[in-house]
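The values are calculated or read from the model by the stated rules, or taken from the named source; none is laboratory data. In this text, all values refer to a predicted model and were calculated from it rather than measured experimentally. Glycine also receives a Cβ, built like all others from the backbone with ideal geometry; neighbour counts cover every protein chain displayed. Keep in mind that these areas ignore ligands, DNA and RNA; they rest on the heavy atoms of the full protein, side chains included. Shrake-Rupley method; radii C 1.70, N 1.55, O 1.52, S 1.80 Å.
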Amino acid sequence: MRRLAAVLLVFALAGCGSGDTPVSEPESHAMPPPTPVPHEGRTLACGPTDVRLPAMREGLTRRGSFARLESLTRRFEVSGLIWRENDEELYVGVVCGVRTAEQFATLVARSTLTAYKGRPALRWNTRTGLRNFMWLERPGTAVYIGATPGLVGEIRRIAARVALSPAP
């Protein structure tokens, strides 16, 4: 099964993304300067790694947190926040403990394996209409964003502005 997951990962990383998947810009050899994160953003921890979230747009109100993703095929530590606007919801979180790309590729049944900023990524829809996107930012830390159809445009904006603490 691992060999199959590795082969699928190679093919997916060579393929193109689709509509809901954030598209990374062409990579350059020089490291870009760090992007400042607004004060209003939140920080989620995944072991020694802090994941800094951008400030949410006007109209979104923080409505709680979550500690589990039902779509995962195995149990991992999950920490996330929920925002709401009218009947629409936005979920942003981290999944801690995923160490390899092969392990990540098999985390969600019926998901599409793709790449985001050169890293393995998964996207999937739930029966309730929630659109989900998650990428393996570094070994041990995956970033998750889920949105109902009315807020699906926020996935790309948030993903582009997520920042991490320096590597341990």
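Quick rundown of the values:
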item: Amide H partners (placed H, <5 Å) of R119, local residues excluded; result: none
item: F66 paired with R161, simple spin-label distance in nm, labels 7 Å along Cα-to-beta-carbon; result: 2.1
item: Rounded to the nearest 20 debye, dipole of region 52-165 from Cβ charges on Lys, Arg, Asp, Glu; result: 260
item: Estimated distance in nm for a label pair at E77 and D50, the labels positioned 7 Å out from Cα along Cα-to-Cβ; result: 1.6
item: Kirkwood hydrodynamic radius (C-alpha pairs) into Stokes-Einstein, region 80-120, 4 °C and 1.567 mPa s, D in µm²/s; result: 103
item: Estimated vicinal HN-Hα couplings, Hz - region 142-159 in sequence order (Karplus 6.51, -1.76, 1.60; Gly, Pro = x); result: 10, 9, 10, 9, x, 8, 6, x, x, 10, 4, x, 6, 4, 5, 5, 5, 4
item: Calculated Rg and Dmax of region 43-168 using C-alpha coordinates, Å; result: 13.5, 40
item: Sites matching GluC sites (Glu not before Pro) across region 101-168 that sit in DSSP coil, with at most 16 neighbouring C-beta atoms within 10 Å; result: none
item: Normalised alpha carbon radius of gyration of region 117-168 [divisor 2.2 N^0.38 Å]; result: 1.22
item: Share of carbon and sulfur in the accessible heavy-atom surface of region 78-168 [1.4 Å probe, %]; result: 46
